[in-house]
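For reference, the structure is listed below as structure tokens.
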């Protein structure tokens with residue numbers, strides 16, 4: 001089932017701009033040291049007055065080297081690196097990676113683990129969307145909506161910390177299970193936090209949705225056609241805002257998404273305003289999924305009963321030779337992943353987040369590749385801003401929600 005949405009020069013930052021006259025055209029640098037380019041991205045713009053005639057986009061290089069670093073440790077030691085890919089919704093990264101390794105190993109997690117992983121993925125999606133909405137409002141001058149978005153995010157971060165022990169670098173999943181079960185009364189705490197976040201979302205929507213200035217800056221800007229979105233590999237909100245009904249949770253279900261009821265939110269025009277509305281409605285759908293997770297989540301263990309996959313309990317490590325050996329082998333040698341390759345994709349905050357893993361039959365990955373949604377979305381930005389005003393770059397880039405850690409190459 002799908003749900004349709006209603007139709008709907010810099011320089012002040014202190015960054016030194018270089019300009020070169022070319023007849024009636026002017027070439028300038030926007031970024032990388034610019035508040036709206038979010039770090040390492042640089043736009044080499046060719047302008048005709050305020051109109052963008054051409055652009056050469058440099059995505060920058062964070063020099064993190066996720067894929068090469070993954071070859072240096074054990075399979076489990078790769079997990080903290082996934083946190084740094086999308087540091088806004090790291091729990092989804094954790095889940096996607098371990099699902100790929102478990103597919104290669106032929107490991108089937110316990111039912112409770114499956115539902116907890118799904119629930120935490122939706123919490124992470126909500127945080128991701130709130131961050132995108134808040135940043136987009138701020139850079140168009142909406143400081144009050146920005147504060148409301150941060151308040152909602154800061155309401156949920158302590159709940160993530162209560163579960164995982166960390167706000168951002170969660171490293172919560174384990175191959176074959178989870179680091180820990182849900183804390184006592186976690187459902188009560190989480191739903192109270194979500195209620196407060198939804199109150200903030202309602203206030204944000206009231207300030208922005210029908211605000212004439214915000215509407216004029218968003219409607220019709222950053223247009224993206226279905227053909228361009230598909231040909232460039234765009235997924236997630238970028239693709240669904242063009243009217244394409246595609247969500248991995250619905251169309252290629254993993255975990256237990258085929259056992260919950262939710263709508264795929266799609267837009268009409270593929271512009272910045274549609275992407276803004278899509279994120280708002282997807283937050284409501286994620287809340288619905290979380291509520292269903294708590295209703296359907298069974299009791300039981302959170303780790304598979306196999307010491308070749310998960311670490312033995314501490315009492316077994318300290319008191320039995322079998323437990324000590326199993327612990328030593330997993331920590332030092334890593335998981336014995338059969339030789340082969342596997343690909344697992346999940347619906348990340350910004351689209352299809354896929355992990356391709358290759359094993360040579362030992363305890364360390366031979367290759368790890370990540371299919372990061374933001375990397376593909378950056379490939380279509382040129383078509384979205386050429387022929388439009390210089391000022392339209394800001395809402396367009398914000399609606400894209402580029403995460404630098406994912407774009408690292």
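The values are calculated or read from the model by the stated rules, or taken from the named source; none is laboratory data. Not measured: the values here are computed from a predicted model. A quick note on method: Cβ atoms are made from the backbone with ideal geometry, for glycine too, and the neighbour counts reach across all protein chains shown.
When the residues of region 170-206 are filtered to those that are surrounded by fewer than 16 Cβ atoms within 10 Å (Cβ to Cβ) and closer than 25 Å to residue 312 by Cα, the one that is nearest to the chain's Cα centre (by Cα) is 180. Any residue at all in region 79-92 that's in the same structural domain as residue 156 (by TED's automatic domain parsing), in a helix (DSSP H, G or I), crowded, with 20+ Cβ neighbours inside 10 Å and in contact with a strand residue (DSSP E or B) (Cβ under 6 Å, 6 or more places away or on another chain)? For region 79-92, residues in the same structural domain as residue 156 (by TED's automatic domain parsing), in a helix (DSSP H, G or I), crowded, with 20+ Cβ neighbours inside 10 Å and in contact with a strand residue (DSSP E or B) (Cβ under 6 Å, 6 or more places away or on another chain): present.
Is there a residue being in the same structural domain as residue 221 (by TED's automatic domain parsing) and within 30 Å of residue 385 (Cα to Cα) anywhere in region 247-255? Within region 247-255, one or more residues are in the same structural domain as residue 221 (by TED's automatic domain parsing) and within 30 Å of residue 385 (Cα to Cα). Taking the conditions (1) in contact with a strand residue (DSSP E or B) (Cβ under 9 Å, 6 or more places away or on another chain); (2) surrounded by fewer than 20 Cβ atoms within 10 Å (Cβ to Cβ); (3) modelled with pLDDT of 95 or more in turn, residue 104 satisfies each one other than (2).
Residues that are closer than 20 Å to residue 398 by Cβ and out of contact with any helix residue (DSSP H, G or I) (no Cβ under 8 Å at 6 or more places or on another chain) within region 45-67 comprise just one, 58. Taken together, the residues in region 375-409 that are crowded, with 18+ Cβ neighbours inside 10 Å and over 13 Å from residue 66 (Cβ atoms) amount to 19.
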